[in-house]
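*Asks:* The structure is given below, and queries will be raised subsequently.
The values are calculated or read from the model by the stated rules, or taken from the named source; none is laboratory data. These numbers come from a predicted model, not from an experiment. For neighbour counting, all protein chains shown are included, and Cβ atoms are generated from backbone atoms with ideal geometry for every residue, glycine included. Quick note on the areas: whole protein, heavy atoms, side chains included, nothing else; ligands and nucleic acids left out. Shrake-Rupley method; radii C 1.70, N 1.55, O 1.52, S 1.80 Å.
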Amino acid sequence: MHDIYIYQSNIDKHIQNLGGYWRSISALARLQEEIGELAELILEKNSKIDELKEEIADIYIISTCLANQYKNNLEKVYNKIDIPTKTKELQELSSDHSVTDLFFYIQIQAGKIARIINHYDGDKIKKPTEKDRNLGLEVAFLHKYLFLLANNFKFNLFHSIDRVLKNLLKEIKTAFP
């Protein structure tokens, strides 16, 4: 079994245990909120790496939730566009892009995801000249840029995702004993 499939399934199980998914428009707002927080941290001179790790993991989790809500198999999409599906290979991805460029690519992908969700669940009508977009594809590209950014900061994104999911469960257990 491929690692991305395991992470996608694991995120789904956690969200189901927490009560289920948000409405997609709400998830999109949360995604943008996390990207804004990431921007603030990138711009801060004395950002703590742990805060960066958490924000990047949050973006990964929320975008995976959107893919899950619309039944996108990320393993298949990753394979289709030649993104590795094994955690070890994803941790070895590298690029010559700067942190700023990677952040802009993340924001561009979030905009593409927003357009798709707005067509699905919002009030945006697709223009006749507008090309069809695939949510799973746009999420996969967003993930690629998240891995590149994490690798640029020299941390294992999967460890951060695991930590965020574990903390979510702790928060819920504390709030609802």
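*Asks:* Give me the pairs, please: first residue somewhere in the range 109-136 and on the phi < 0 side of the Ramachandran plot and touching a residue at least 12 places away in the same chain (Cβ under 8 Å), second residue anywhere and open to solvent by 40 Å² or more (accessible area, probe 1.4 Å) and aromatic (Phe, Trp, Tyr), beta-carbon distance under 6 Å, and either six or more positions apart or on two chains.
*Replies:* These pairs meet every condition: GLN109/PHE141; LEU135/TYR70.
*Asks:* Those residues that are under 27 Å from GLN91 (Cα atoms) and either hydroxyl-bearing (Ser, Thr, Tyr) or buried (at least 20 other Cβ atoms within 10 Å of the Cβ) (or both), I need them from the range 124-135; list them, please.
*Replies:* At the first step, the residues of the range 124-135 found to be under 27 Å from GLN91 (Cα atoms) are 134-135.
Across the range 124-135, the qualifying residue is only LEU135.
*Asks:* With respect to ALA140, determine if the residue is within 19 Å of ILE49 (Cα to Cα), surrounded by 12 or more Cβ atoms within 10 Å (Cβ to Cβ), within 16 Å of the chain's Cα centre (by Cα) and at pLDDT 95 or above. Working first, answer last.
*Replies:* Details: within 19 Å of ILE49 (Cα to Cα): no; surrounded by 12 or more Cβ atoms within 10 Å (Cβ to Cβ): yes; within 16 Å of the chain's Cα centre (by Cα): yes; at pLDDT 95 or above: yes.
Judged against the criteria, ALA140 is not a match.
*Asks:* Same structure again: Between a first residue in the range 75-92 that is more than 17 Å from PHE141 (Cβ to Cβ) and a second residue that is among the charged types (D, E, K, R) and assigned to a helix (DSSP H, G or I), which pairs have beta carbons less than 6 Å apart while being 6 or more apart in sequence or on different chains?
*Replies:* LYS86/ASP3; THR87/ASP3
*Asks:* Are any of the residues in the range 35-48 open to solvent by 50 Å² or more (accessible area, probe 1.4 Å), under 15 Å from the mean Cα position of the chain (by Cα) and touching a residue at least 60 places away in the same chain (Cβ under 8 Å)? Reasoning before the result, please.
*Replies:* First, the residues of the range 35-48 that are open to solvent by 50 Å² or more (accessible area, probe 1.4 Å): 37, 40, 43-46, 48.
In the following step, the residues that additionally are under 15 Å from the mean Cα position of the chain (by Cα) were identified as 37.
With touching a residue at least 60 places away in the same chain (Cβ under 8 Å) added as a condition, the list becomes none.
No.
*Asks:* Which one is surrounded by the most Cβ atoms within 10 Å (Cβ to Cβ) among residues in the range 154-177 that are outside any helix (DSSP H, G or I) and at pLDDT below 65?
*Replies:* If we filter the range 154-177 for residues that are outside any helix (DSSP H, G or I), which is where we start, we get 154-156, 176-177.
Adding the requirement that they be at pLDDT below 65 leaves 176-177.
Numbers: PHE176: 7, PRO177: 5.
Per the stated criteria, the residue is PHE176.
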